[in-house]
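The values are calculated or read from the model by the stated rules, or taken from the named source; none is laboratory data. Note that the coordinates shown come from a computational prediction; the quantities given were computed from them, not determined experimentally. Ideal geometry is used to build each Cβ from the backbone, glycine not excepted, and the neighbour counts take in all protein chains shown. Side chains are part of the model used for accessible areas, which takes the heavy atoms of the whole protein and leaves out ligands, DNA and RNA. Shrake-Rupley method; radii C 1.70, N 1.55, O 1.52, S 1.80 Å.
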Amino acid sequence: MGQVVNGVWQDADTTIQNGAYERAQSIYKSHSLEPLNPFREPTRYHLIASETCPWSHRVRILRVLKGLQGVLPLYMPHGPRIEGISLNEGLPWSIPGTDQSIVHLHQLYSFADPNYSGRSTVPVLWDAKEKRVISNESANIMRILDEVSTEGHQSDVVFAPSSLIHRIDETNDWIYSGLNNAVYRAGFAECETIRQDAAIEILETLIKLDKRLSKRRFLLGKILTESDLRLFPSLARFDAVYAPLFVGLDYRLTDYPSLWAYARDLYSIPGIASSIDFLKNWLSSAESDVVSVSVPTPPTFPDWTIPHGRELLSEARLMLRSGEHISLQGFCEEFPATSI
Ligand SMILES: N[C@@H](CCC(=O)N[C@@H](CS)C(=O)NCC(=O)O)C(=O)O
């Protein structure tokens with residue numbers, strides 16, 4: 001995949017160590033206590049996030065549910081993967097705040113810091129005023145955007161409220177290691193035992209999720225939280241990409257009745273269905289040189305619009321910054337049509 005060393009692109013990769021995939025740490029993370037205010041500075045912040053990347057997907061979903069589309073422009077890179085991610089079909093693109101045309105994402109990283117060493121990944125939260133990467137870590141970007149006060153532009157919903165933060169963090173941790181990242185540990189492993197161990201962990205995690213969600217509407221109960229928004233991109237790619245192409249599993253999401261109904265419940269929230277294109281995700285992985293594809297034709301995708309019936313478990317709620325709860329249904333009914 002390649003990376004940047006002292007501001008210069010190198011094709012050599014270091015993500016596989018002794019046959020195992022080691023995800024590189026993101027270099028930029030913001031610990032600022034000063035929340036961003038994109039409503040006051042609507043041209044300052046920009047989100048660069050790929051359509052087929054699950055880490056980008058979780059951020060894109062949060063951006064829509066927080067109603068930030070009008071003040072946080074989204075740029076979805078596309079084009080051939082030469083020197084990593086291309087931004088504009090291999091053509092130059094002037095990113096706001098830069099004084100040069102940028103073709104590859106790594107050039108943005110080294111524009112911001114000529115001595116940058118690390119991966120050039122999406123998503124990126126870019127500050128055009130300060131000409132800097134605020135964060136290139138999806139979990140961190142979600143927290144930064146969740147902190148943004150919507151100041152009456154939309155209900156001020158929060159997905160990681162401080163009252164639930166410990167439970168959210170604990171839930172995120174086991175889902176990250178057992179599913180979100182485990183599919184990559186399986187898919188990129190160069191050793192069969194490592195792949196099989198990751199596959200077992202994935203199956204155990206799916207069973208645990210299915211059991212938990214047989215009694216609860218969402219991961220933490222009746223309130224939709226950040227943990228659900230982080231899980232959805234992995235579930236949405238499971239049958240299209242991870243099971244057939246990465247892990248080589250015969251199991252599908254549809255084999256876990258509660259988890260499958262839960263995934264459809266999330267899918268029915270306005271803005272979420274349009275955030276995922278199953279076929280495009282399959283094609284992007286099937287054509288990549290990282291995954292060896294044994295299935296040359298796309299799988300048949302299940303119908304995500306079948307009624308989920310999850311209302312029988314409990315009402316669905318969202319939490320506001322004030323600590324009050326509102327009904328998810330009421331929120332969705334007021335959802336601006338432009339968000340879809
Ligand atoms: N820790 C990062 C991981 C992001 C990541 O791995 N993104 C992939 C796309 S799905 C990427 O940009 N890969 C390019 C590379 O590693 O060079 C996050 O969660 O934001």
List the number of the failed condition for Arg252; all other conditions in (1) farther than 29 Å from Pro161 by Cβ; (2) crowded, with 18+ Cβ neighbours inside 10 Å; (3) within 21 Å of the chain's Cα centre (by Cα) hold.
-> (2)
When Ile141 is run through (1) touching a Pro at 6+ places or on another chain (Cβ under 7 Å); (2) assigned to a loop (DSSP other than H, G, I, E, B), the failure sits at (2)
Can you tell me how many residues in the stretch 74-92 are away from the ligand (no atom under 16 Å from the Cβ), open to solvent by 50 Å² or more (accessible area, probe 1.4 Å) and in contact (Cβ under 8 Å) with a residue 12 or more places away in the chain?
-> 1
Per the filter on the stretch 102-138, residues small (Gly, Ala, Ser) and either out of contact with any Ser or Thr (no Cβ under 9 Å at 6 or more places or on another chain) or more than 9 Å from the ligand (Cβ to nearest atom) (or both) are Ser110, Ala112, Ser117, Gly118, Ala128
Can you tell me which of Ser135, Ser120 is crowded, with 22+ Cβ neighbours inside 10 Å, hydroxyl-bearing (Ser, Thr, Tyr) and under 30 Å from Arg195 (Cβ atoms)?
-> Ser120
